[in-house]
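Novice: Got a structure here, written out as structure tokens. Questions coming.
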Amino acid sequence: RKEVEQDPGPFNVPEGATVAFNCTYSNSASQSFFWYRQDCRKEPKLLMSVYSSGNEDGRFTAQLNRASQYISLLIRDSKLSDSATYLCVVRLIKAAGNKLTFGGGTRVLVKP
Amino acid sequence: NAGVMQNPRHLVRRRGQEARLRCSPMKGHSHVYWYRQLPEEGLKFMVYLQKENIIDESGMPKERFSAEFPKEGPSILRIQQVVRGDSAAYFCASSTGQGTTGELFFGEGSRLTVL
């Protein structure tokens, strides 16, 4: 079983709509959680951290459910520029430094 | 203020040749991570280095792959006797040090194609 699993998509989203997707992680010793964004053939970049109480950054809302071991990302009022692959990322308690474990990514395509 | 610099951006090798990928971390960063991304797949951790030390190499294949981060100069990921399955994007990332900020700053990647 993969450590971090995501629905690969693609999620085809009309511009202005809301889209949400989850990610599950297998290791209960996962300590920290993040969403990264990766554009086609580009490097990943941190989108936002995910906190236990849930957190919002503009149109993006992230939630963490430790009991069920999943995190979610919701994008409101989707823009064409939101088209990208969203990577679910976890850091284990015993991980050295900032060693991060990445999911396979969920592809989102926002269309006019 | 340059970010993480990787070179070459694209590298073509024939089977059996050697590939050397270089990574200069962001200024002020002393921790370097290498990840590999196969086509249509996620990033897989390979190795974590600090200056002159390998901290975690749990993701490195046992043979043909090696990494170093010397006191002076960039970090080097070396692949000997490349095979077609080594074709991938190799991303280097850096950070300031241990912590839980979760932010790794990635370079633009080196895309290796093995013919």
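Novice: Using the 10 angstrom Cβ neighbour count as an exposure proxy, how do B:Lys27, A:Lys42 rank, fewest first?
Specialist: Details: B:Lys27 9, A:Lys42 14.
Taking fewest neighbouring Cβ atoms as first place, the list is B:Lys27, A:Lys42.
Novice: Two decimals, Cα atoms only, Kirkwood Rh: what is Rg/Rh over the range A:66-112?
Specialist: Over the Cα atoms of the range A:66-112, Rg/Rh equals 1.09.
Novice: Continuing with the same structure: Pop out the Kirkwood hydrodynamic radius of the range B:18-115 from its pairwise C-alpha distances, inverse of mean 1/r, in Å to one decimal.
Specialist: 13.6
Novice: Which cysteines does the protein assembly as shown leave without a neighbouring Cys Cβ under 4.7 Å?
Specialist: A:Cys40
Novice: What number does the protein assembly as shown give for Rg over Rh if you use C-alpha atoms and the Kirkwood radius? Write out the running numbers ahead of the final one.
Specialist: On the way: Rg = 17.7 Å, Rh = 18.2 Å.
Ratio value, two decimals: 0.98.
Novice: Taking each pair of distinct Cα atoms in the range A:1-66 once, what is the resulting Kirkwood hydrodynamic radius in Å? Before the final figure, lay out the partial values.
Specialist: Numbers: mean 1/r = 0.0731 Å⁻¹.
Here the Kirkwood hydrodynamic radius works out to 13.7 Å.
Novice: Please give, to one decimal in nm, the separation of the simple spin-label points placed at A:Lys2 and A:Tyr70, each 7 Å out from Cα toward the Cβ.
Specialist: Label at A:Lys2, label at A:Tyr70, 1.5 nm between them.
Novice: Around B:Arg84, with a cut-off of 11 angstrom between Cβ atoms, what is the net charge of the other residues, counting Lys and Arg +1 and Asp and Glu -1?
Specialist: Net charge in that neighbourhood comes out at +2.
Novice: Between the alpha-carbon centers of the range B:1-60 and the range A:48-62, tell me the distance in whole angstrom.
Specialist: Cα centroid to Cα centroid, the span is 30 Å.
Novice: Return one quarter of the surface area of the convex hull spanned by the alpha-carbon atoms of chain A, equal to its mean projected area, in nm².
Specialist: Reported value for the Cα convex hull: 6.9 nm².
Novice: Shifting gears a bit: Would you mind checking A:Lys2/B:Lys27; A:Lys42/B:Lys62; A:Lys79/B:Lys51; A:Lys79/B:Lys27; A:Lys45/B:Lys51 for any pair whose Cα atoms are more than 31 angstrom apart?
Specialist: Over 31 Å apart, Cα to Cα: A:Lys2/B:Lys27; A:Lys79/B:Lys51; A:Lys79/B:Lys27.
Here, each number is a calculation from the coordinates, and none is a lab measurement. Quick caveat, the model's predicted, so the values are computed rather than measured. Neighbour counts run over all protein chains shown; Cβ positions are idealised from the backbone, glycine included.
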